[in-house]
Amino acid sequence: MISEPLRLPKYSIGVGDRFALQVRAQLQACILAQKAGLEIVPVWNKSNREHLIVGSEPSQTRQAADRAVRDLQWTRPYFLDADHIGMGTVDRFIEPCDFFTIDVADKIGAPAEQAGITTFVQRHPELLETITLEKAGVTLATSRENLVAVARKYLAAVYEAGRIYRCIAERKGAGRFVPEISMDETDAPQEAQELLIILAAIADEKIPIQTVAPKFSGRFNKGVDYRGDVEKFSKEFTADLAVIAHALGRYDLPPNLKLSVHSGSDKFSLYSAINRAITQAGVGIHLKTAGTTWLAELEGLALAGSSGLQLANEIYAQAYEKMEELCAPYASVIEIDRRCLPQPDSVKAWTAEEFAGALHHDANCRLYNADFRQLLHVSFKIAAKMGSRFTEAVRENQKIIARGVTENLFERHIRPVFLPA
Ligand SMILES: [Zn+2]
């Protein structure tokens, strides 16, 4: 029997759960959205990097997600994302996952064979035409030299994505998973014209991607607000949406293909622009928000006071000690000004409200400290090392923690991005 291929719905949110204890609280945010008239489906994503740091297996996320779905009687789709995998890391995700973020950013700029470049350019004379994307107010025009240069820059990455896609498809079956291609963890943002050329190459390679994650301009630091030119981002984002719509009419790509915004949590200053752009274009997006849940978890633990606060304190003190080591894997996505970090000794004297206030992402609150928040973002390794001491403390204070996790996702992410303004 051939079943319908898996399709990612129009609106989806990537949620990450470092310790697989907030799955229900996260799903609850989607249930609140449903009650508000919006269908948004959860995609639990956890990268290989996070699994290695925590010492967990993708199958544990699967069990937690299935259980939460059953307990809360969620009848809509839900997915498990093998986030940022490559050929060397995909293995243990094959069985439990049904969404694969194929990361080929490190192949961008790798030399592609000349023959492949020549064939691509010959095959796509339409890419040399002037393309007017009226709704976005964008005109795309490129020279043959530039088309060759873009093909040279990206073809090796697209070929690699093809190899990874086929490897997964052989083992899981085509149509049994949602493929995404991500290029966000790289230095230079992709322009709209480049995105179109990349999509043409992806279609040639027959990778049925349902989401694509380009790199936008500006800084998408983990767990904190966007740093960059919001106006510029807005134009870029609108142009990308128009490019996707254009590519769908021209190339063989799944009709539900949409943008995926990585490191999308806490980008509060961008949300109204995103909301406006997708509403005007009548399209969906996938918003990845993984790390914000861990920070809400920690905030709840601190707010619980007594032993919870003490544990949060300990995590900060150790993170402060091991800052270099913790920050290294996240170098391109965090920016910490060490001079603005409080001394662990003074943090020890803080009340629960002071700790939670420094951590809680509210730029208007005088207690908020973005550097403190970013350091804690990468400090889940410390909590993982504490083992059951940490997980027991979370379980003991689950009520207050879960409330914060759900509220953070629904009120501060889903509502401004997806619900009508
Ligand atoms: Zn990413």
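The values are calculated or read from the model by the stated rules, or taken from the named source; none is laboratory data. This structure is a prediction, so every number in the text was calculated from the model and none was measured. Virtual Cβ from ideal backbone geometry, glycine too; neighbours counted across all protein chains shown.
List of remarks:
- Any hit, segment 392-413, residues being outside the structural domain of V54 (by TED's automatic domain parsing), over 25 Å from the mean Cα position of the chain (by Cα) and on the phi > 0 side of the Ramachandran plot: no
- Going through (1) surrounded by fewer than 23 Cβ atoms within 10 Å (Cβ to Cβ); (2) under 19 Å from the mean Cα position of the chain (by Cα) one by one, G55 falls short only on (2).
- Which listed residue, of I274, I278, is buried (at least 23 other Cβ atoms within 10 Å of the Cβ) and in a helix (DSSP H, G or I): I274
- The listed residue being surrounded by 16 or more Cβ atoms within 10 Å (Cβ to Cβ), out of contact with any Gly (no Cβ under 8 Å at 6 or more places or on another chain) and either within 27 Å of A115 (Cα to Cα) or among the hydroxyl-bearing types (S, T, Y) (or both), out of E185, E180: E180
- Scan of segment 61-96 for residues that are acidic (D, E) and surrounded by 18 or more Cβ atoms within 10 Å (Cβ to Cβ), ordered by number: D81, D83
- Filter result for the condition that a residue is in a helix (DSSP H, G or I), in contact (Cβ under 8 Å) with a residue 40 or more places away in the chain, more than 16 Å from the ligand (Cβ to nearest atom) and assigned by TED's automatic domain parsing to the domain that holds T211, over G116, G109: G116
- Scanning segment 183-196 for residues that are in a loop (DSSP other than H, G, I, E, B) and either closer than 23 Å to A242 by Cβ or of a type in the set (K, R) (or both) returns M183, D184, T186, A188, P189, Q190, E191.
- Yes/no for I209 being touching a strand residue (DSSP E or B) at 6+ places or on another chain (Cβ under 6 Å) and assigned to a loop (DSSP other than H, G, I, E, B): yes
- Within segment 253-271, being more than 15 Å from the chain's Cα centre (by Cα), in contact (Cβ under 8 Å) with a residue 12 or more places away in the chain and part of a loop (DSSP other than H, G, I, E, B) holds for L253, P254, N256, L257.
- One residue from Q193, Q210 being over 16 Å from S263 (Cα atoms) and over 20 Å from the mean Cα position of the chain (by Cα): Q193
- Cβ pairs under 9 Å, 6+ apart, first in segment 183-196 and touching a residue at least 12 places away in the same chain (Cβ under 8 Å) and not assigned by TED's automatic domain parsing to the domain that holds A149, second of a type in the set (A, V, I, L, M) and within 14 Å of the ligand (Cβ to nearest atom): none
- Tally, over segment 160-182, of residues that are within 16 Å of the ligand (Cβ to nearest atom) and part of a helix (DSSP H, G or I): 2
Conditions (1) out of contact with any Pro (no Cβ under 8 Å at 6 or more places or on another chain); (2) more than 20 Å from D337 (Cβ to Cβ); (3) assigned to a helix (DSSP H, G or I), marked per residue:
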| site | (1), (2), (3) |
| --- | --- |
| D371 | yes, no, yes |
| K381 | yes, yes, yes |
| K385 | yes, yes, yes |
| V394 | yes, yes, yes |
| I400 | yes, yes, yes |
| L409 | yes, yes, yes |
| R415 | yes, yes, yes |
| A421 | yes, yes, no |
